[in-house]
1. Of all the accessible heavy-atom surface of the stretch 27-171, with the other protein chains kept in place and a 1.4 Å probe, what percent is carbon and sulfur?
2. Please report, in debye to the nearest 20, how large the charge dipole of the chain is about its Cα centre when each Lys and Arg carries +1 at its beta carbon and each Asp and Glu carries -1 there.
3. Which one of Q86, G4, N54 has its Cα pushed farthest toward the positive end of the charge dipole of the stretch 1-151, where Lys and Arg give +1 and Asp and Glu give -1 at the Cβ?
4. Please identify the trypsin sites (Lys or Arg not before Pro) of the stretch 150-232 that satisfy two criteria: DSSP loop assignment and at most 16 other Cβ atoms within 10 Å. Which are they?
5. Using r as the Cβ-Cβ distance of N6 and Y232, and R0 as 41 Å, what FRET efficiency do you calculate, to the nearest 0.05?
6. Provide the gained length on full extension for the span S14 to S103, in nm with one decimal, where the gain is 0.36 nm per separating residue minus the Cα-Cα distance.
7. How large is the charge dipole for the stretch 1-69, taken about the Cα centre, if only the Cβ atoms of Lys, Arg (+1) and Asp, Glu (-1) carry charge, to the nearest 20 debye?
8. Per residue, how much accessible area does the stretch 45-193 show when a 1.4 Å probe rolls over the protein heavy atoms, in square angstrom?
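The values are calculated or read from the model by the stated rules, or taken from the named source; none is laboratory data. Computed from a predicted model, the values in this text were never measured in an experiment. Positions of Cβ are generated from backbone atoms using ideal geometry, with glycine treated the same way; all protein chains shown enter the neighbour counts. SASA here: full protein model, heavy atoms, side chains in, ligands and nucleic acids out. Shrake-Rupley method; radii C 1.70, N 1.55, O 1.52, S 1.80 Å.
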Amino acid sequence: VSIGDNADLYFNGSSSFRWSSNIFRDSDRHVDDLTWYLSPGFELNIGRGLSNANFSIITRYDIVRYDELDKLNAELFHIKAMGAYQSSRLDLSASVSFDEEQSNAGEQNIDNDLLEADNFAVNFDAEYRLSPKFSVGSGVRYSEKQYVTYKDLFADREGFTIPVDVFYEWTPKVDLSFGYAYTETAVGETFRQITSNTDQRTGAYDRSSHFFNIGARGDLLPKLAGFFKVGY
C-alpha cells in the first residue's frame, strides 16, 4: 500500500514447519517434536523518492505451536526501526530493536522446558570521508538481555561496544581497514538452590575487552561482496 509520495506499507507473513530430533539439546535424553510457526507482520518504508534519507519499521509476531510438547507453545514479538542518511562526505545509520526469544538450556535442561528472554538493542554508526582515499568510522552498539523465565538461574546481560575504524581505499572496489573496539559488559547475579539447606549464588560482575583488528570490505572476489576483520 502506497502512502503519499514517499512511503510504502507491506503486509508480510510466513508459515513453516520444523522437526527437531533433540528439542532440549540434552545429550542424555533426546526429545523430538514437530513445531509449526505462523508469522504475520508488516513493514513500513519511508524514503521513496528521497535522495539522502530513509526510514523503516519492520515487525513480526511469531505464533509457535508444538505437536506434542504443548507447554512449550509461545507467542514471540519482534520489532525493529532503522534509519539512514547519506551526504557527499557523511554516512549515518541507526537502528533500535526488541525481540522476544525462546531458547534451550542445553546440558542445564530444566524440567523439560525452554527459556524465554527479552532482547533489546540500539546501534548507531557514522562514517566521515576525510579525503578521496581515507575515511573514519565509529559508533555505539548497545545490547541487553533479560530472562523472563528462570530468572534466578541465568544471568541477565547488558553491554555496549564502541568501534573505531580507519578505511583506506586500496582499489576503487576494495577498502582496507585498521580498527579498535572497546566492549563493556555487565553480567547479573544468579541463584541456584542445591538442597533445602544449601544454595549456590554467583554475584554480579563487569568485564571489558579490547579488540585490535585489520580487515577489508567491498568486492573481495569477482562474485563476492562483503567485509571481514581479523585481530587480537
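1. About 56 percent, which is the carbon plus sulfur part of the accessible surface.
2. Values: 22 positive and 35 negative charges, 227 e Å.
Roughly 1080 debye, rounded to the nearest 20.
3. Q86
4. Numbers: sites: K151, R157, K173, R192, R201, R207, R217, K223, K229; in loops: K151, K173, K223.
Here the trypsin sites (Lys or Arg not before Pro) that fit, given the DSSP loop and packing criteria, are K151, K173, K223.
5. On the way: r = 46 Å, r/R0 = 1.12.
Between N6 and Y232 the formula returns 0.35.
6. Working: separation 89, 0.36 × 89 = 32.04 nm, distance 2.06 nm.
Net length gain for the segment: 30.0 nm.
7. On the way: 6 positive and 10 negative charges, 41 e Å.
Approximately 200 debye in magnitude.
8. On the way: 8410 Å² over 149 residues.
On a per-residue basis, the stretch 45-193 sits at 56 Å².
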